Amino acid sequence: MTLKKRLLVLNTTIILGLGSAFSIPGVNAESNNKLENQKSQIQQQRSNLQATLAEADKELVSVLKEIAELNAKISKVEKAIEDNNNLIAETETNIASTKAEVDQLKEEMAIIEERIEKRSAILKQRAQSFQESGGTVAYLDVLLGASNFSDFVDRVGAVTTFVQADKQLLEEQEQDKKAFEEKKAAVEEELAGLTSMMTELKGMQATMEEQKQQNSSLIQQLKEKENSIADKKAKLQSEDVKYASLIAQIEQSIAAQTAPAAQSVPAAQSVAAAPSDSAAVNKQKPAAQKTKGSSTSAPKPSVNGGSAISIVTTAGNKYIGNSVYVFGGGRNAYDIANGRFDCSGFVHWSFSQAGISVGASTDSLKFAGRQVSTSEMRAGDLVFFDTYKRDGHVGIYLGGGKFIGSQSSTGVAIANMSSGYWKTKFNGRVVRIIE
């Protein structure tokens, strides 16, 4: 019988009992035995209520435990938000620094280009003078026919026979050409890194919003639990008060009934003895016992016999509902102990539990094994999703259209990639690490 039904039955019993008590006739109309029987019945009913209260206490303990877990999770989320905000600030600093480096590289490239152009003008002028002085080879046509600077330098190299005196000039030209290409490559690399950082920054900002919503949802749940506890406790205490009042009335009637017959026993003493019965009932209330749970971690299974897939796909189960998404998380002992992972950090940790070393970034993980088709997909394979960027999210396939991973809104969780959000984000990339 549920707690709510028990309360309804007890409430009805109390009403009937009170009705019976208020119909207690005068001192001379009822015998002591009848009053004692009524008292015994009411005490039994109150004893039943005490049992219900004990059950309610157990339920409240369970709810309070859940509240404590919610509070712990909220603390984790708040810590994750703080860490992610720090990372955003650090990324913004890196972006500013990178922009300064790019600007410096562009200035250096402009200086090099200016030197190259000046030398090109000198070489063209000397080639023209050589031809006008009676040179037999149309060097000017060769040089002026160049389509671009690189082609021009190559053509200059082909006619070095007539510019031996300017050999040093040509060598400097080649060095500047090489320096120009190196600076250009550096700028392109820096710009690519800058673009990647900007993309990650946007992804982190989106994650922040999701985590804030998650935090608000948990706080709301906490308030609802607290209100529910207060209501249940108030109802049970109200019922207990009614029983106590009813028993007190009967005890007063018994004291009044027996006072004339026992002159040697003062009525006050009889009334004073009444609480002892109530106390006896209270003593019957089961005391809350603390049982110390024995948390024993299961031994890590052997990787032999193809159990590596089983280890990888189940290692993270202990974090489900007990973790939080942290950008860059899962790469140190503190994060692992407190269930702080990002998607690639979780995958890296899961495979390490089976003694398999893989990368800790989505870019490294997508090249960590053999690419297979979606039709060949099996448990233990890595699956990739296009979120804030191409291959921005990775998880471990479990089979049946499900995967486990650290999602930004839930932490470590099992998600469905056969429908809904993750189906639309799955890009078809499947990587097999364990053959």
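The values are calculated or read from the model by the stated rules, or taken from the named source; none is laboratory data. Fair warning: this is a prediction, and the values are worked out from it, not measured in the lab. Backbone-built Cβ (ideal geometry, glycine too); neighbour counts: all protein chains shown. The area values use the complete protein model at the heavy-atom level, side chains included, leaving out ligands, DNA and RNA. Shrake-Rupley method; radii C 1.70, N 1.55, O 1.52, S 1.80 Å.
Miscellaneous remarks
- Cα-based equivalent ellipsoid of segment 28-122: semi-axis lengths in Å, sorted from largest, via gyration tensor: 90, 8, 6
- Paramagnetic reach from Thr199 in segment 362-402 [backbone N under 12 Å; point 7 Å along Cα→Cβ]: 362-363, 386-393
- Separation of segment 226-253 and segment 351-397, taken as the distance between their Cα centroids, equals 60 angstrom.
- Note on segment 376-435: Cα-Cα pairs beyond 13 Å make up 57% of the total pair count.
- With all protein chains kept in place, the per residue accessible area of segment 320-359 amounts to 34 square angstrom at a probe of 1.4 angstrom.
- For segment 168-227, the Cα-based Rg and Dmax, in that order, read 25.9, 88 Å.
- 3J(HN,Hα) from dihedral phi, segment 407-413, Karplus parametrisation 6.51/-1.76/1.60, rounded to Hz, x for glycine, proline: 8, 4, 8, 10, x, 5, 7
- Convex hull volume per residue in cubic angstrom - Cα atoms of segment 192-253: 44 Å³
- Rg over Rh [alpha-carbon atoms, Kirkwood Rh] for segment 293-435: 0.95
- Full-extension gain in nm, Asn85 to Lys184, via 0.36 nm per residue minus C-alpha separation: 32.3 nm
- 3J(HN,Hα) along segment 57-62: 4, 4, 5, 5, 4, 4 Hz, from the Karplus curve 6.51 cos²θ - 1.76 cosθ + 1.60 with θ = phi - 60°, whole Hz, x for Gly and Pro.
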